[in-house]
Each structure stands twice: as C-alpha cells, then as structure tokens.
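Trainee: This structure is in structure tokens; I'll ask about it shortly.
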Amino acid sequence: MRFLSVLMLALAALPDVAQAEVKVLLIASNYEEAGDEDLRLANPLADLRLIQSSLGSTTVRDMTVLEEPTAEEWQVGFNAWLDTLSGDDIGMFYYAGHGFQFDGLNYLLSSDGVSLIPLDALITQITNRARGAVIVIDACRDNPYFDAEPEKDLDIVAIDGASRSLGFIRLEDMSDAGNGLAQLGNLRGLSAVAFFSTEPGNVAEDGDQPGKGSPFAIEFAKQIDRRQSLDEVFRKTAVAVNRRTNARQSPWRQGDLAFDVFVSGMRTLPIP
C-alpha cells in the first residue's frame, strides 16, 4: 500500500506531458543546382542527415524528408506533410540552408535560389493543424546577395497565412538585408516554440569540414535522441554550441508550449 501511495503521488507530480505523436518534416539545401555559385553551402544536407539519424532512434515514426527542394517541391511536400497532421499531433519542422530577414520578416530560400518561403506563414499553417509546433531553424548563415545584380529579383512563394502579399523582393534590396534572422512575429495565442541556431541578427557557422555538419546540427543531434524534455534539449544544445564556437554563436528560442514534449520518452518516473 505504501508503494501504491508513493506511485500515486509521483503520477500526480508529473508535468503536463504531450502524449501525441510527433510528426517531423526535414528540409535542407546545399544549393548544388542553383545558378549562383555564391549560394553554395557545405553542410545543410549533412545537417539534415545527422538529425534524421538521431530521430530514427527516438519514438518518432513519421518523418518526411525533402532534400534540395525547388519552390514547387517545397509547396507540394509541405502541404502533403500538413495533411498528415491532426489536432492531437506535434508538428516538428527542421530546416537547414539559407535564411534572410527583410523588412522585419524571415524567409527561407528554395534550392534553385530564386524563391523565398515566408517562415511566419509556415508556422501559422502548422499551428492551425497541430496541437503544437516545434520549429528548428539552422539558417542564419551569411548573406550571399551582398553583390547581387540590381535588375534581378526573388519570388515570394504564396502561402496561406502570410502577413503580406509581396510578390517579389529585388536582389538589390536583399543586399541590404540585415545579418541573420529577425525575431518572429507575435506568437501569442499560438502553441509554438522556435529554436534558432543563433540569436537574432547574428550569423551561424556552416562548419569547418564539408559534409561533417554545422556546430548547431552536431550538438542538436547529440541531444534530441536522449530521454529528456525538449526544453532540456534546447538548453543543453545552446550551451554546447556556445562552447564549441567559443561564444561566437548562441542558439536562441522564442515562444513556448503549454506542455512538455519528450521526443525520446521520459527518463524514469520521478519519485517525490
């Protein structure tokens, strides 16, 4: 009876834990087929594969992977993944590649280097379908458009939920875009948490060795398959990346979920 009483107390002490299925979408581009060679990156595909491998040893059973997607493949793949989400699921979206801030909004770049995908709109779409959204972005890398030709422009992919209706951004304007990414729009009322590879306005490192992964991906992959909460994953990754880069890069989170998420399961039953 004493054991039963202790067990009941322990269960009562448990936090609100998400029991829903975690469904993952992984997207990355090295820009190998892009016309502009300045877009080339060495590690995003390696980053994706590191994360994919780690998630493969967790409780995640539903993973969608898009490597080097064009704008059209982005739309088709993202919408197909959205259709798998139910109101009880956690939607986890991971992206590695180029990302930009322009006029206060964040954009991700398609593999052909000619289209921008609005990040805020993607998050809105996920939160409209799922119980919660977990967004992981390793995209705050250097701006390859500093010397862009002024007569060219980038198309913006139309996504439901986009806060503006711009059809394109001129490359000469992109050359003046700030470093890194900006804070997301207001997440109040949304069940969403975003984890960025570095703080707003800073540039994340791609990694010293091609094909070996970025500092962020290496450390995130080490943490995501451990039996710990997502909050612990974020915190330990941030500390490790800061240490690995000699404080040049500090991962940063925005937003929150009203419940704990354990991608690899809980450690053990806590005893009070």
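The values are calculated or read from the model by the stated rules, or taken from the named source; none is laboratory data. Quick caveat, the model's predicted, so the values are computed rather than measured. As a convention, Cβ positions derive from the backbone with ideal geometry for all residues, glycine included, and neighbour counts pool all protein chains shown. Areas reflect the complete protein model, heavy atoms only, side chains present, ligands, DNA and RNA absent. Shrake-Rupley method; radii C 1.70, N 1.55, O 1.52, S 1.80 Å.
Trainee: With respect to the numbered conditions (1) within 20 Å of residue 106 (Cβ to Cβ); (2) out of contact with any helix residue (DSSP H, G or I) (no Cβ under 7 Å at 6 or more places or on another chain), which one is the sole condition not fulfilled by residue 208?
Mentor: (1)
Trainee: Follow-up. All but one of (1) β-branched (Val, Ile, Thr); (2) surrounded by fewer than 23 Cβ atoms within 10 Å (Cβ to Cβ); (3) in a helix (DSSP H, G or I) hold for residue 60; which doesn't?
Mentor: (3)
Trainee: Let me ask something additional. Taking the range 203-255 on its own, how many of its residues are open to solvent by 40 Å² or more (accessible area, probe 1.4 Å) and more than 24 Å from residue 22 (Cβ to Cβ)?
Mentor: Residues meeting the conditions: 13.
Trainee: If I ask for residues that are open to solvent by 60 Å² or more (accessible area, probe 1.4 Å) and farther than 18 Å from residue 215 by Cβ, which ones from the range 37-51 would you list?
Mentor: The answer is 37, 38, 40.
Trainee: In addition: Looking only at the range 33-49, filter to residues that are assigned to a loop (DSSP other than H, G, I, E, B) and in contact (Cβ under 8 Å) with a residue 40 or more places away in the chain; which one of those is nearest to residue 197 (Cα to Cα)?
Mentor: Only one residue tops the list, namely 43.
Trainee: Specify which of the listed residues (39, 48) is at pLDDT 95 or above, out of contact with any Lys or Arg (no Cβ under 9 Å at 6 or more places or on another chain) and aliphatic (A, V, I, L, M).
Mentor: 48
Trainee: Based on what the data block shows, is residue 78 within 15 Å of residue 121 (Cα to Cα), part of a strand (DSSP E or B) and not β-branched (Val, Ile, Thr)? First the steps, then the outcome.
Mentor: Numbers: within 15 Å of residue 121 (Cα to Cα): yes; part of a strand (DSSP E or B): no; not β-branched (Val, Ile, Thr): yes.
The answer is no for residue 78.
Trainee: Scanning the range 169-197 for residues that are polar (S, T, N, Q) and closer than 24 Å to residue 259 by Cα, which turns out modelled with the lowest pLDDT?
Mentor: Here the residue is 186.
Trainee: Exactly one of these conditions fails for residue 266: (1) crowded, with 16+ Cβ neighbours inside 10 Å; (2) in contact with a strand residue (DSSP E or B) (Cβ under 9 Å, 6 or more places away or on another chain). Give me its number.
Mentor: (1)
Trainee: Criterion first (polar (S, T, N, Q), more than 18 Å from residue 22 (Cα to Cα) and part of a helix (DSSP H, G or I)) does residue 52 satisfy it?
Mentor: Answer is no for this residue.
Trainee: Then there's this: What are the pairs with Cβ atoms under 8 angstrom where one residue, in the range 221-247, is over 18 Å from residue 135 (Cβ atoms) and the other, located anywhere, is surrounded by fewer than 18 Cβ atoms within 10 Å (Cβ to Cβ) and aliphatic (A, V, I, L, M)? Sequence gap at least six, or different chains.
Mentor: 227/266
Trainee: For the range 241-272: of the residues being more than 23 Å from residue 193 (Cβ to Cβ) and in contact with a helix residue (DSSP H, G or I) (Cβ under 8 Å, 6 or more places away or on another chain), which is modelled with the highest pLDDT?
Mentor: 269
Trainee: Still on this structure: For the range 63-75, which residues satisfy the criterion of being part of a helix (DSSP H, G or I) and either open to solvent by 30 Å² or more (accessible area, probe 1.4 Å) or small (Gly, Ala, Ser) (or both)?
Mentor: Within the range 63-75, 71, 72, 73, 75 qualify.
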